[in-house]
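Reviewing the structure listed below.
Any read-out appearing in this document is the output of simple, stated calculations on the displayed coordinates, not a laboratory observation. Owing to the predicted nature of the structure, the values given are computational and were not obtained by experimental measurement. Backbone-built Cβ (ideal geometry, glycine too); neighbour counts: all protein chains shown.
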Amino acid sequence: MLAVPGSNPRFLEKAQTLAADEVFLDLEDSVAPTAKAEARANVVGALREGDWGGRIRAVRVNDLSTHWTYRDVIEVVEGAGEHLDAIILPKVQDPTEVVWLDTLLTQIEKTTGLDVGRIGIEAQIENARGLVNVDAVAAASPRLQALVFGPADFMASINMRTLVVGEQPPGYTEGDAYHYILMRILMAARAHDLQAIDGPYLQIKDVEGYRRVAARSAALGFDGKWVLHPAQVEAANEVFSPSQDDYDHAELILEAYAYYTTVERRGAAMLGDEMIDEASRKMALVVAAKGRAAGL
Ligand code: GLV
Ligand code: MG
């Protein structure tokens with residue numbers, strides 16, 4: 001999921017060539033306060049005139065504690081609603097914020113003749129209140145498609161003593177400072193059938209660091225992660241795809257289990273040294289689906 005500042009026309013152009021599944025044009029924290037209005041116009045232009053291929057097209061608006069949000073939504077959706085798949089709402093603290101956006105989108109869709117409900121919502125969880133309320137946030141609207149972790153704002157909001165996003169805070173040696181937060185978001189997403197997306201890694205020159213941090217959320221079951229730079233795109237696609245060996249093994253389990261259950265009418269069977277049953281089939285389906293999506 002590629003982040004592109006709405007105030008930078010060169011990046012808006014370049015983003016159309018990168019191998020990201022989703023691109024989001026930002027009006028929030030990567031755009032200076034004095035450039036917000038200009039960025040809205042750039043974003044509308046880029047959505048209308050750009051060639052985005054099959055990429056999901058999203059726009060991140062400003063959060064509801066600012067005075068920019070309503071105008072962001074109205075200008076972008078009225079100006080380019082038919083070229084837009086989702087709005088990203090940052091710093092969500094409780095479900096009423098998502099309900100507000102849902103209502104506004106419905107009004108704009110009706111006014112402009114778009115199908116009601118066609119524009120989705122992705123909610124960023126990036127402060128303590130958002131995390132405490134994450135289940136209610138996840139249930140707040142049928143438009144919701146994803147919960148997105150915002151590690152930079154989150155670490156600031158809980159007063160974590162660190163300046164490096166995604167890495168363990170200095171002095172913390174007892175485990176993974178992100179584990180609880182990632183799992184909490186993942187559980188809410190899965191309970192409500194939403195995607196779970198990990199946020200940015202800001203040390204853009206350190207691709208190995210990106211890989212290491214991305215591997216953490218990918219292993220837990222997250223569906224993807226932000227990328228801020230072309231160098232991170234390839235790493236993300238690799239880390240979030242299963243290895244060829246795991247993919248082949250998953251397909252083998254599916255094939256073998258189909259044979260055992262239908263031809264031999266057995267619910268559990270041995271595949272080499274491993275016992276497989278219906279739950280193994282479900283685990284294999286997860287890995288196989290990711291592998292197929294990655295074209296393995
Ligand atoms: C992203 O918005 C973050 O705060 O990490
Ligand atoms: Mg943020």
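Restricting Leu163, Leu114, Leu104 to residues that are without any contact (Cβ under 8 Å) to a residue 40 or more places away in the chain, part of a helix (DSSP H, G or I) and surrounded by fewer than 20 Cβ atoms within 10 Å (Cβ to Cβ) narrows the list to Leu104. For the structure I just gave you, tell me whether Ile185 is part of a helix (DSSP H, G or I), within 12 Å of the chain's Cα centre (by Cα), in contact (Cβ under 8 Å) with a residue 60 or more places away in the chain and within 16 Å of ligand 2 (Cβ to nearest atom). Answer is yes for this residue. Scanning segment 126-160 for residues that are part of a loop (DSSP other than H, G, I, E, B) and either touching a residue at least 60 places away in the same chain (Cβ under 8 Å) or within 15 Å of Glu97 (Cβ to Cβ) (or both) gives Glu126, Asn127, Asn133, Ala139, Ala140, Ser141, Arg143, Gly150.
Has segment 97-111 got any residue that is touching a strand residue (DSSP E or B) at 6+ places or on another chain (Cβ under 9 Å), under 21 Å from Val213 (Cβ atoms) and within 16 Å of ligand 2 (Cβ to nearest atom)? There is no residue in segment 97-111 that is touching a strand residue (DSSP E or B) at 6+ places or on another chain (Cβ under 9 Å), under 21 Å from Val213 (Cβ atoms) and within 16 Å of ligand 2 (Cβ to nearest atom). Applying the set (1) in contact (Cβ under 8 Å) with a residue 60 or more places away in the chain; (2) touching a Ser or Thr at 6+ places or on another chain (Cβ under 6 Å) to Asp29 leaves exactly one unmet item: (2). The single condition among (1) within 26 Å of Gly120 (Cβ to Cβ); (2) surrounded by fewer than 19 Cβ atoms within 10 Å (Cβ to Cβ); (3) of a type outside the set (Ser, Thr, Tyr) that Leu194 does not meet is (2). Select from segment 17-71 the residues that are more than 15 Å from ligand 2 (Cβ to nearest atom), among the acidic types (Asp, Glu) and not in a loop (DSSP other than H, G, I, E, B) and list them in ascending order. Glu22, Glu38, Glu49, listed by residue number.
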